[in-house]
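Structure first, then comments.
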Amino acid sequence: ATPTAVMVGTGLGAEAGILIKSGETLEKAHKVNAVFFDKTGTLTLGHPVVTDVKAVPGMSPRDVLQLAASLEAASEHPLGRAIVEHARAEGVSLDAVQGFEAFSGLGARGRVGGVVVMVGNGRLLHEWNVDVQALETPAKAWVQEGKTVVYVARGTAAVGMVALRDNPRAHAREAVEALKGLGVRVGLITGDNAATARAVASLVGIDHVVAEVLPEHKADVVREAQRHGHVTAMVGDGINDAPALAAADVGVAMGSGTDVAVEAGDIALMRPDLRLVAEAMVLSRLTLKTIR
Ligand code: ADP
Ligand code: MG
């Protein structure tokens, strides 16, 4: 494309809320044939809310919420924040937490009232030899509704679990359809449980799901697709996915996301409208076609 075409294309993009950082990106975007979306905060609003709390016999859901929220008060994770918010709304008073540790993509651990409390996914609890079998059947039902389920352990015993829902963004489904219409393969990458991820993916029309991916491995998923000959785009909010944004041929940052995302991406979306991903590709196509 001529410098003029690139200037025009970049200008049109900016007007539509698509900030394209370089002419090179504008020229490359139309070649993308595989787009990966991060789930939390990208495909979804990133504001999970607690929908259910369950306790094992001998405990009340309120006790479980109290333990989980006391621990998560020290967490910066959106799931942790949602649990604390729910406890506050329910008038549950929190205990102090000591020795808080976050396990990226897994959960958190600390001492509440002198006892070790752990909140996280099945993998984390399994790693610490906490048996969650008694909770697996009810967890499955929630997960099939697209909810994220985190287990709560006290000492070495599972005491309950919390389900959270994070709704897909408006127009997520149309955004996926538009990409498919351009002949692009669409995938979902997440650290969340596979069944939860599949439920959310099917809501928005995505059939390719890569779940239970630790944050440091999200970029590997992108590289793997590249090895298979795909020209890739990764759409993310920068929480956990900045390396994947950088690894993709075209990294697309949600403008509402972190500065890290905008830094790591080649394109920043100034509105949280996922339809802009396909628009960026169409713009690239037009820029190269019309004025060459
Ligand atoms: P995503 O890829 O969807 O952004 P993360 O990689 O941040 O998700 O987390 C993956 C999973 O790890 C979560 O779905 C949850 O099960 C667990 N997890 C991570 N941090 C926490 C936390 N603070 N409290 C409870 N669970 C957590
Ligand atoms: Mg995210």
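General observations
- Centroid-to-centroid, using Cα positions, segment 51-128 and segment 194-216 are 24 Å apart.
- A Cα-only calculation for the chain places Rg and Dmax at 20.9, 73 Å.
- For segment 247-253, putting each phi into the Karplus relation 6.51 cos²θ - 1.76 cosθ + 1.60 with θ = phi - 60° gives couplings of 6, 5, 4, 10, x, 10, 9 Hz, in residue order, rounded to whole numbers and with x for Gly and Pro.
- Each of 216, 279 has some number of other Cβ atoms within 10 Å of its Cβ, and from fewest to most they run 216, 279.
- Segment 18-26 - phi-based ³J(HN,Hα) in whole Hz, Karplus 6.51/-1.76/1.60, Gly and Pro as x: 10, 8, 9, 6, 9, x, 4, 4, 4
- The residues 234, 281, when put in order of fewest to most other Cβ atoms within 10 Å, stand as 281, 234.
- Its Cα centre serving as origin, segment 49-165 has a Cβ charge dipole (Lys and Arg +1, Asp and Glu -1) of approximately 60 debye.
- Helices assigned as whole DSSP H runs in the chain whose Cα atoms extend at least 27 Å along their own long axis and whose mean Kyte-Doolittle hydropathy is 1.6 or higher are not found.
- Panel order for 180, 289, 54, 147, by other beta carbons found within 10 Å of each beta carbon, from fewest to most: 289, 180, 54, 147.
- Beta bridge orientation in the chain: antiparallel %, DSSP, nearest 5: 60
- Each stretch of four or more DSSP H residues adds -39500 (n - 2.57); spread over every residue of the chain, this sum gives -12000 deg cm²/dmol at 222 nm.
- Around the amide H of residue 266, modelled in the peptide plane, lie the amide H atoms of 251, 252, 253, all under 5 Å away and 5 or more residues distant in sequence or on another chain.
- Fluctuation leader among 274, 12, 106 - the chain, Gaussian network, Cα springs under 10 angstrom: 12
- Note on the chain: dipole from Cβ charges, positive end direction compared against 119, 58, 29; the farthest Cα belongs to 29.
- Residues whose placed amide H lies under 5 Å from that of residue 103, excluding near-sequence neighbours: 108, 109
- Overall form of segment 150-197 per C-alpha gyration tensor (a/c, 1.5; a/b vs b/c): prolate
- Remark on residue 116: its backbone amide H falls under 5 Å from those of 155, a criterion applied only to residues 5 or more positions apart or on other chains, H modelled at 1.01 Å from N.
- Cα-centre dipole for the chain with unit charges at Cβ (Lys and Arg positive, Asp and Glu negative), debye to 20: 560
- Across segment 163-171, rounded Karplus estimates of 3J(HN,Hα) from the backbone phi angles (6.51 cos²θ - 1.76 cosθ + 1.60, θ = phi - 60°) give 9, 10, 10, 10, 5, x, 5, 4, 6 Hz, Gly and Pro being marked x.
Throughout, read-outs are computed from the coordinates displayed, never taken from laboratory work. Fair warning: this is a prediction, and the values are worked out from it, not measured in the lab. All Cβ positions, even for glycine, are placed from backbone atoms using ideal geometry, and neighbour counts span all protein chains on display.
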